[in-house]
Amino acid sequence: MTYTPSTQHTSVPAPRGVPDRHINAVRQATDVLYEVVEELDQTAVRGPSLLPGWTRGHVITHLARNADALVNLLTWARTGVEHQAYASRADRDADIEEGSRRHLQLMRADLDAACVRFDTACREMPAHSWRAEVTAPKGQPIPASQVPLFRLREVWIHLIDLDHGIGFDDLPADFVDEFLDDAVKQFEGRVDPFSVEVTLPDGSQRIWTVNGPTSRSSVSGSASAVLGWLTGRTGGAGLRGELPELPDWI
């Protein structure tokens, strides 16, 4: 049986005043996600992902529950009533564990339904609500307008984790610098100062400094190689400089 998502995420224009660029990019990334998941069979979905201790089923289920978590944040922004992304970390982990054991067809249907809910929440957001402040899953305050970017990063990074033909070189070039910005912020206050010099897909270069000015450690390389290292998915192969030891990606 061929899996067909219940809606075409690339066909519905975003309303005026919302972060259109990120919402449209999420729809395109979701289409790629559907294509990859459709290629998996029951054996493959039980196989290991690139995340230690997680099967591909864990990753797929996490992407569904993440969509619902971000819908909670958009609901918070729209109504003014607090809706945390997850009830608790324990509940989040339990939901992912339970969902990972489902039959593949149920897993696909769950993913599709959650992605549709996220897309609908984006389309139905009043323009002024995107300015409301909410709390991201990792605890930092953000404007709701950043939620689609969070989802975009989540889909692409976990597409790589599925270990099924998608790598860091496949990330959309228009968003790589934003993904890098976010990755660098994960280490604020958690590591000794260091800097990274990155060659972006268009050939331009940018420098990120972590935790203030430093001359102690400098790392350089392609955007895809740096991002793979910062997110803990690669060991830093292809990078130049003395790589500092990074804490676990959170």
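The values are calculated or read from the model by the stated rules, or taken from the named source; none is laboratory data. A quick note: this is a predicted structure, and the numbers were derived from the prediction, not measured. We place every Cβ from the backbone using ideal geometry, glycine too, and count neighbours over all the protein chains shown.
Could we say that Leu246 is in contact (Cβ under 8 Å) with a residue 40 or more places away in the chain and buried (at least 20 other Cβ atoms within 10 Å of the Cβ) here?
no
Tell me which residues, restricted to the range 35-56, are under 22 Å from Gly228 (Cα atoms) and without any contact (Cβ under 8 Å) to a residue 60 or more places away in the chain. Listed by number, the residues that qualify are Gly47, Pro52, Gly53, Thr55. None of Val81, Val32, Val59 is β-branched (Val, Ile, Thr), in a loop (DSSP other than H, G, I, E, B) and either outside the structural domain of Phe150 (by TED's automatic domain parsing) or under 29 Å from Ala144 (Cβ atoms) (or both) except Val81. Only one of the listed residues (Ala173, Ala121, Ala183) is loosely packed, with under 15 Cβ neighbours inside 10 Å, among the hydrophobic types (A, V, I, L, M, F, W, C) and either without any contact (Cβ under 8 Å) to a residue 24 or more places away in the chain or out of contact with any Phe, Trp or Tyr (no Cβ under 8 Å at 6 or more places or on another chain) (or both). That residue is Ala173. On the basis of being surrounded by fewer than 18 Cβ atoms within 10 Å (Cβ to Cβ), touching a residue at least 12 places away in the same chain (Cβ under 8 Å) and assigned to a loop (DSSP other than H, G, I, E, B), does Arg206 make the cut? No; evaluated as a whole, the condition is false for this residue. Selection of the range 46-71 for residues being over 16 Å from the mean Cα position of the chain (by Cα) and closer than 15 Å to Asp112 by Cα yields only Gly57. Once the range 36-63 is narrowed to residues that are closer than 17 Å to Ile96 by Cβ and among the small types (Gly, Ala, Ser), the residue that is surrounded by the fewest Cβ atoms within 10 Å (Cβ to Cβ) is Gly53. Of all residues in the range 35-56, exactly one satisfies the criterion of being small (Gly, Ala, Ser) and assigned to a helix (DSSP H, G or I), namely Ala44.
Going by what's in this entry, would Arg190 be described as exposed (fewer than 14 other Cβ atoms within 10 Å of the Cβ) and in the same structural domain as Ser218 (by TED's automatic domain parsing)? Considered against the rule, which asks whether it is exposed (fewer than 14 other Cβ atoms within 10 Å of the Cβ) and in the same structural domain as Ser218 (by TED's automatic domain parsing), Arg190 comes out as yes. When every residue of the range 135-142 is checked against the conditions, none turns out to be in contact (Cβ under 8 Å) with a residue 40 or more places away in the chain, β-branched (Val, Ile, Thr) and closer than 17 Å to Ala67 by Cβ.
Only one of Ala144, Ala132 is small (Gly, Ala, Ser), in contact with a helix residue (DSSP H, G or I) (Cβ under 6 Å, 6 or more places away or on another chain), over 30 Å from Ser100 (Cβ atoms) and modelled with pLDDT of 90 or more. Can you tell me which? Of Ala144, Ala132, the one residue that is small (Gly, Ala, Ser), in contact with a helix residue (DSSP H, G or I) (Cβ under 6 Å, 6 or more places away or on another chain), over 30 Å from Ser100 (Cβ atoms) and modelled with pLDDT of 90 or more is Ala132.
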